[in-house]
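The values are calculated or read from the model by the stated rules, or taken from the named source; none is laboratory data. Because the structure is predicted, anything quoted here is derived from the model rather than measured. Here Cβ is always computed from backbone atoms with ideal geometry, including for glycine, and neighbour counts include all displayed protein chains.
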Amino acid sequence: MNRGMRLLKSVAAIHRRRFLRRSFGGLVGVLAASVRDAAKAQNDFKMTKKQAGYIVRQKSSTEICAQCIFFIAPNDCSIVRGPVSPQGWCKYYGD
Ligand code: SF4
């Protein structure tokens with residue numbers, strides 16, 4: 001292989017690496033934005049605690065977030081916004 005061909009191959013390899021690096025970076029950025037948008041959209045449809053009549057109950061109560069079908073451990077809810085306490089409750093409690 002002559003010197004010109006070797007130079008051409010090394011330039012092509014540099015461009016290929018740069019292209020792959022930039023493509024991968026762009027893909028990671030798009031995926032991160034999608035995850036962020038999905039989380040925001042999910043939060044937008046949730047009710048506020050005030051709308052749901054959310055309260056934190058005494059430990060002796062049986063209807064608590066920790067027993068609710070909408071509870072997501074350790075402290076989230078699929079229909080009410082923000083962190084909820086496992087000892088919480090709202091009018092949409094479901095068992
Ligand atoms: S009672 Fe259920 S629906 Fe209400 S805040 Fe707790 S987990 Fe969510």
So which residues in segment 39-59 are at pLDDT 95 or above and either part of a helix (DSSP H, G or I) or farther than 17 Å from residue 71 by Cα (or both), if there are any at all?
49, 50, 51, 52
Might you check whether a residue that is in contact (Cβ under 8 Å) with a residue 40 or more places away in the chain and among the small types (Gly, Ala, Ser) occurs anywhere in segment 59-78?
no
When both residues are 6+ apart or on different chains and their Cβ atoms are under 6 Å apart, which pairs have a first residue that lies in segment 81-92 and is in a loop (DSSP other than H, G, I, E, B), and a second that is surrounded by 14 or more Cβ atoms within 10 Å (Cβ to Cβ) and among the charged types (D, E, K, R)?
81/46; 87/57
Taking segment 71-80 and the residues there that are outside any strand (DSSP E or B) and under 18 Å from residue 40 (Cα atoms), the one that is nearest to the ligand (Cβ to nearest atom) would be 79
Scanning segment 48-58 for residues that are of a type outside the set (Lys, Arg) and either free of Cβ contacts under 8 Å to residues at least 40 places away in the same chain or touching a helix residue (DSSP H, G or I) at 6+ places or on another chain (Cβ under 6 Å) (or both), which turns out farthest from the ligand (Cβ to nearest atom)?
58
